[in-house]
Amino acid sequence: MHRNLKRHPDSQCDALKSVDVDILRCRPDRLDLRFCVRGAIGSLLLPPPGEPGRADQLWRHTCFEAFIRASGIGPYFEFNFSPSRQWGAYSFEAYRSGMQIFDGFRTPGVEVHTNDDTCKLAAVLELSCLSRAADWYLGLSAVIEERNGRMSYWALAHPPGKPDFHHADCFALKLPAPWSA
């Protein structure tokens with residue numbers, strides 16, 4: 001499934017033409033995300049690739065994100081993926097509350113490839129913590145930092161007001177419950 005992310009109307013980014021994501025769910029507990037940024041990649045501030053590992057506050061710079069919950073409301077998970085190959089994972093009890101570092105999944109695989117006009121990040125999430133019987137609601141987003149310091153915010157959908165990827169309106173993609181294993 002292919003989706004285009006939309007730039008928040010209050011943010012600007014002259015360097016990019018598009019931010020897209022391909023979503024694959026080939027197993028009940030696995031989600032493959034393939035983000036692709038197109039434009040003048042040299043104008044972006046991208047952290048250099050390094051060793052994969054957990055890190056916090058990745059969203060302060062160029063970062064790709066997935067928000068997932070197994071029902072229409074309630075607890076949810078946030079995953080952050082940096083072009084450095086660092087990642088973060090958090091659980092929330094409700095909207096922006098009860099945040100905890102989340103360890104209930106296999107370490108995500110993160111691969112990054114860049115050239116002059118594309119930056120591609122692929123992340124694989126093994127999520128046995130989520131119910132196989134439930135629909136999954138996804139919020140997919142990107143924070144893009146340009147070399148001039150300007151930040152832009154991209155998502156499947158944006159609520160009114162300032163960028164807020166945790167808002168219920170951002171969980172804009174429903175994946176039906178997968179087949180039972």
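Here are the numbers for the structure shown:
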item	result
The range 25-46 residues that are among the polar types (S, T, N, Q), paired with ones that are part of a strand (DSSP E or B) and crowded, with 17+ Cβ neighbours inside 10 Å (beta carbon under 9 Å, 6 or more apart)	Ser43/Leu16; Ser43/Glu146
Candidates Arg106, Arg96, Arg85 - the one that is buried (at least 21 other Cβ atoms within 10 Å of the Cβ) and of a type outside the set (S, T, N, Q)	Arg85
Number of positions in the range 124-169 that are at pLDDT 95 or above, touching a Phe, Trp or Tyr at 6+ places or on another chain (Cβ under 8 Å) and open to solvent by less than 40 Å² (accessible area, probe 1.4 Å)	9
Scope the range 26-51; condition closer than 20 Å to Gln12 by Cβ, open to solvent by 30 Å² or more (accessible area, probe 1.4 Å) and outside any strand (DSSP E or B); matching residues	Ala40, Gly42, Ser43, Leu45, Leu46
Sole residue being of a type in the set (Ser, Thr, Tyr) and either open to solvent by 80 Å² or more (accessible area, probe 1.4 Å) or closer than 15 Å to Ala142 by Cβ (or both), chosen from Ser18, Ser71	Ser18
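Listed here are the residues, each with its yes/no results for (1) within 22 Å of His113 (Cα to Cα); (2) part of a strand (DSSP E or B); (3) of a type in the set (Val, Ile, Thr); (4) in contact with a helix residue (DSSP H, G or I) (Cβ under 8 Å, 6 or more places away or on another chain).
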{"position": "Gln12", "(1), (2), (3), (4)": "no, no, no, no"}
{"position": "Asp20", "(1), (2), (3), (4)": "yes, yes, no, no"}
{"position": "Leu24", "(1), (2), (3), (4)": "yes, yes, no, no"}
{"position": "Ala66", "(1), (2), (3), (4)": "yes, yes, no, no"}
{"position": "Ile73", "(1), (2), (3), (4)": "no, no, yes, yes"}
{"position": "Pro83", "(1), (2), (3), (4)": "yes, no, no, no"}
{"position": "Gly88", "(1), (2), (3), (4)": "yes, yes, no, yes"}
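The values are calculated or read from the model by the stated rules, or taken from the named source; none is laboratory data. A quick note: this is a predicted structure, and the numbers were derived from the prediction, not measured. Neighbour counts are summed over all protein chains in view; Cβ atoms, including those assigned to glycine, are modelled from backbone coordinates with ideal geometry. Only protein heavy atoms, including side chains, enter the accessible area calculation; ligands, DNA and RNA are left aside. Shrake-Rupley method; radii C 1.70, N 1.55, O 1.52, S 1.80 Å.
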